[in-house]
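See structure below.
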Amino acid sequence: MAKLQAIRGMNDILPGQSLTWQYLESCFHRVVQRYGYQEIRFPVLEQTQLFKRSIGEVTDIVEKEMYSFDDRNGDNLSMRPEGTAGCVRAADQHGLLYNQQQRLWYAGPMFRHERPQKGRYRQFHQFGVEAFGMAGPDIDVELLQLAAQLWQELDIAEFLTLEINNIGSAADRKAYGAELTAFLESRKENLDEDASKRMYSNPMRVLDSKNPQVQEALEGAPELAAFVSQESIEHYAMLRAMLTELGIAFRENARLVRGLDYYNNCVYEWTTDTLGAQGAVCGGGRYDGLVAQLGGKPTLAAGFAIGVERLVLMLDSLEKVPAEALHPVDIYVLSVGKVAPSLGLQVAAELRQKYPQLGIVSHCGGGKYNSQIKKAFNSGASLAVVLEAGQDGDNAAVDVKIRRLGDSDESRDVALTDLTTQIAEFL
Ligand code: ATP
Ligand code: MG
């Protein structure tokens, strides 16, 4: 029978790779904890309506990329394509947003039916951070500071650039959209089908068109900057001043618009040129209108999401994962000859008790010394403990040796009773 394969664009993360993931997760957990953010977990499946109402009907995600289906009750559900919508739904449903400030984070898989390629998958993972009930720009800067701190801890800060833009309030964009539609109508003959459709439903999306003919038709189009309100301009100016004061470098990019409709005022992206085409590793901004748009009480909000796979690719290719994170096994205990069957397990248990931070494997399955020591090397351990006995099950007659695995093969014979203390000199 033919073996079944994973779904295209959905990756298995194997043990060698998962060490990088765990390292990244532990850095992220440490940073959010140090900034006082708390974890929220919410389902992978939500009503399709939640994503339509938040991300926007006329967006790539909702039009083309969602995994949606009718369940057995006939309810139309979707696999979450991003985390903010579910986070807002959950926080509002449980009253966390009512006259309160919240600093939340989440992590988990997201699903988008995109064309799979390096750094772009159909199941991918995000770390997200969301803050509610604060007007900014101090909270916006705190979020950027948190991201910058993560890059620093991961030692990749020099490979990332922060791009920022001010996209104005929802009202500003509405006024701009009307003007843009009028302009596009005057260029109707030069638009393709997609652009002709979107010029009424979501004219700003036409600006993103990859079609050179459409891009040409956009020559002389009105610019959003001219429609941005004074309040937005002041918010954005203060944000830039604060970033400068805190030493967080940024580049302004007037073309930066995000693929989700709910953003307003400042939006941003951290990008790298170490990944080729898929250079965005983190995107976010303010989304003050979203909670009310989903039926809640108007609530100020801001947040960002990080693409975990892209960070993993970066860490691996730049060799930024510390060696100790890649070696989960420190000590490998061999049982050679007629050692009592439980002795290896007992010795390993004592070592674990004394050195709880170490990974200790006790060899199982018997075999000759040569085959066991080979497994010890393959485990990545830096030390082997060799228990060897000639007589059946007599612990008193066991020879015990501590052996370095690696460049030096220094070894020492020790008494079984001294093993846990003597080994300290090898660590
Ligand atoms: P892109 O421009 O690369 O399509 P996006 O603007 O669609 O990204 P967001 O919705 O802002 O991405 O999601 C935040 C982050 O999640 C991105 O910066 C990226 O790192 C990551 N990401 C988004 N889509 C994918 C995907 N299909 N596969 C892997 N990572 C992704
Ligand atoms: Mg995308």
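The values are calculated or read from the model by the stated rules, or taken from the named source; none is laboratory data. All of these numbers come straight from a predicted model, not from anything done at the bench. Please note: Cβ atoms are built from the backbone with ideal geometry, for glycine as well, and neighbour counts cover all protein chains shown.
Given the criteria within 16 Å of ligand 2 (Cβ to nearest atom) and over 23 Å from the mean Cα position of the chain (by Cα), does residue 82 qualify? So residue 82 fails the test. Would you confirm, using the coordinates I've provided, whether residue 200 is more than 23 Å from residue 161 (Cβ to Cβ), touching a Leu at 6+ places or on another chain (Cβ under 6 Å) and either free of Cβ contacts under 8 Å to residues at least 12 places away in the same chain or not acidic (Asp, Glu) (or both)? No, not satisfied. Looking across the range 57-91, just one residue is assigned to a loop (DSSP other than H, G, I, E, B), away from ligand 1 (no atom under 16 Å from the Cβ) and among the basic types (Lys, Arg), and that is 72.
Among helices (runs of 4 or more DSSP H) lying entirely in the range 125-217, which contain 1 or more residues that are under 21 Å from residue 64 (Cβ atoms) and charged (D, E, K, R)?
In the range 125-217, the matching helices (runs of 4 or more DSSP H) lie at 193-201.
If you go through the range 258-279 and keep only what is closer than 19 Å to residue 144 by Cβ and near ligand 1 (Cβ under 9 Å from one of its atoms), you end up with 258, 260, 269, 270, 271, 279. Within this structure, residue 326 passes the test of being touching a residue at least 12 places away in the same chain (Cβ under 8 Å) and surrounded by fewer than 15 Cβ atoms within 10 Å (Cβ to Cβ). Candidates 261, 273: the one that is within 15 Å of ligand 2 (Cβ to nearest atom) and of a type in the set (Asp, Glu) is 261. In summary, helices (runs of 4 or more DSSP H) completely within the range 301-388 and bearing 3 or more residues that are within 16 Å of ligand 1 (Cβ to nearest atom) occur at 308-317.
Looking across the range 29-56 at every residue that is more than 16 Å from ligand 1 (Cβ to nearest atom) and in a loop (DSSP other than H, G, I, E, B), the one that is nearest to residue 129 (Cα to Cα) is identified as 37. Out of 168, 136, one residue alone is of a type in the set (Gly, Ala, Ser), modelled with pLDDT under 95 and under 22 Å from residue 247 (Cβ atoms). It is 136. If you check residue 280 against the conditions, is it in the same structural domain as residue 96 (by TED's automatic domain parsing) and within 16 Å of ligand 2 (Cβ to nearest atom)? In short, yes. Of all positions in the range 70-79, none carries a residue that is more than 15 Å from ligand 2 (Cβ to nearest atom), acidic (Asp, Glu), crowded, with 17+ Cβ neighbours inside 10 Å and touching a residue at least 12 places away in the same chain (Cβ under 8 Å).
From the list 300, 294, 275, 290, the one residue that fits, being among the aliphatic types (A, V, I, L, M) and under 19 Å from the mean Cα position of the chain (by Cα), is 275. The sole residue among 152, 101, 117 that is polar (S, T, N, Q) and either surrounded by 17 or more Cβ atoms within 10 Å (Cβ to Cβ) or within 13 Å of ligand 1 (Cβ to nearest atom) (or both) is 117. Given the structure, is residue 249 of a type outside the set (Val, Ile, Thr), more than 29 Å from the chain's Cα centre (by Cα), surrounded by 11 or more Cβ atoms within 10 Å (Cβ to Cβ) and within 18 Å of residue 163 (Cβ to Cβ)? Answer is no for this residue.
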